[in-house]
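A short write-up of the structure that comes next.
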Amino acid sequence: MGVLYLVRHAQASFLEPNYDKLSALGETQASVLGEYWAQRKITFDRVGVGPCERQKDTVKLVGTAYRQAGLNFPEPQVLAEFDEYQGEAVLRGSLPALLEKDQRIRDLHAAFQSSATNATKRATFQKLFEAVIGDWVRGVIHLEGVETWPQFCARINSGLDKFLGVGARGERVAIITSGGPIAVASQRALRLSPESTLQMTWMSRNSSWSEFLYDAERFTLSSFNIHEHIVDPAMRTYR
């Protein structure tokens, strides 16, 4: 069987004007991941990466660590299907109306707005984001021009079919992407409900990987959210 590593990008720039770039910590996480794999001679036949800058910068730093160790790292293929779902667009487009009619959202938004520290902002934003995205997954929120949850899942599964379907038997491949696509792949392997799949999106740590085994008939989850390369607890992040 083939082996697929789905990797969540390293930490991006939360609370910055441009979220879609790695933070200084994220750059370190990505480099450590590459060093960890290279030290263990984990090599890949093919590598894919989503189109976001945080995804592409993660794979670039992983590749640099391989080359510094004298190992080959395949040229990453950009895979548009492995973009994250449009969470920012869902939040931006739905929040004004939700603040007018939903007391739960008003309370969560007020808690975020009144947060005094970055740590508190991260925690309160996550609660607000989970509540809004949960409504989107359940089909409560519909926004013109914004991908629906079923469309997102179909995109990821199409991308998996295309990427895995063209390789040789028994390959080891990797795709650097985001938490949402990793959760959808887990749904495919475990037959999860949409609600359980959404819960998995919150669980992947930055720069962690999940391992899947596959052939023409099967797609199986072997390991989820592996982050043993991050030894320092202070470097373990979700956002």
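The values are calculated or read from the model by the stated rules, or taken from the named source; none is laboratory data. Bear in mind that the values here come from a model prediction, so they are computed numbers and not experimental data. A quick note on method: Cβ atoms are made from the backbone with ideal geometry, for glycine too, and the neighbour counts reach across all protein chains shown.
Just for segment 1-57: of the residues that are assigned to a loop (DSSP other than H, G, I, E, B) and acidic (Asp, Glu), which one is surrounded by the most Cβ atoms within 10 Å (Cβ to Cβ)?
Going through segment 1-57, the residues assigned to a loop (DSSP other than H, G, I, E, B) turn out to be 1, 9-11, 13-21, 23, 40-45, 50-52.
Checking the rest, the ones that are also acidic (Asp, Glu) come to 16, 20, 45.
Numbers: 16: 10, 20: 16, 45: 14.
The selected residue is 20.
Identify the residue in segment 133-159 that is within 17 Å of the chain's Cα centre (by Cα), free of Cβ contacts under 8 Å to residues at least 60 places away in the same chain and buried (at least 17 other Cβ atoms within 10 Å of the Cβ) and, among all such residues, is nearest to residue 5 (Cα to Cα).
157
For residues that are among the charged types (D, E, K, R) and closer than 30 Å to residue 155 by Cβ, scanning just segment 80-100, find the one that is surrounded by the most Cβ atoms within 10 Å (Cβ to Cβ). Write out each step before concluding.
The initial filter retains those residues of segment 80-100 that are among the charged types (D, E, K, R), namely 81, 83-84, 88, 92, 100.
Okay, now just the ones that are also closer than 30 Å to residue 155 by Cβ, so 81, 83-84, 88, 92.
Working: 81: 20, 83: 20, 84: 22, 88: 12, 92: 13.
Applying the filter and picking the extreme gives 84.
Name the pairs: first residue in segment 182-202 and closer than 13 Å to residue 220 by Cα and not assigned by TED's automatic domain parsing to the domain that holds residue 214, second residue surrounded by fewer than 16 Cβ atoms within 10 Å (Cβ to Cβ) and not polar (S, T, N, Q), Cβ to Cβ under 7 Å, at least 6 apart or on different chains?
No pair meets every condition.
Of all strands (runs of 3 or more DSSP E) completely enclosed by segment 172-239, which ones contain at least 2 residues that are over 25 Å from residue 31 (Cα atoms)?
Values: elements: 172-177, 209-214, 219-226.
Per the criteria, 209-214, 219-226.
Looking at (1) within 20 Å of the chain's Cα centre (by Cα); (2) assigned to a helix (DSSP H, G or I); (3) in contact (Cβ under 8 Å) with a residue 40 or more places away in the chain, which one does residue 94 not meet, given that it meets all the others?
(1)
Residue 69: under 28 Å from residue 129 (Cα atoms) and of a type in the set (Gly, Ala, Ser), yes or no? Please lay out each step first, then the result.
Details: under 28 Å from residue 129 (Cα atoms): no; of a type in the set (Gly, Ala, Ser): yes.
Here the answer is no, as residue 69 does not meet what is asked.
Can you name every residue in segment 138-162 that is over 25 Å from residue 211 (Cα atoms) and not charged (D, E, K, R)? Before the answer, list the steps.
Of segment 138-162, the ones over 25 Å from residue 211 (Cα atoms) are 138-148.
Correct list: 139, 140, 141, 142, 143, 145, 146, 148.
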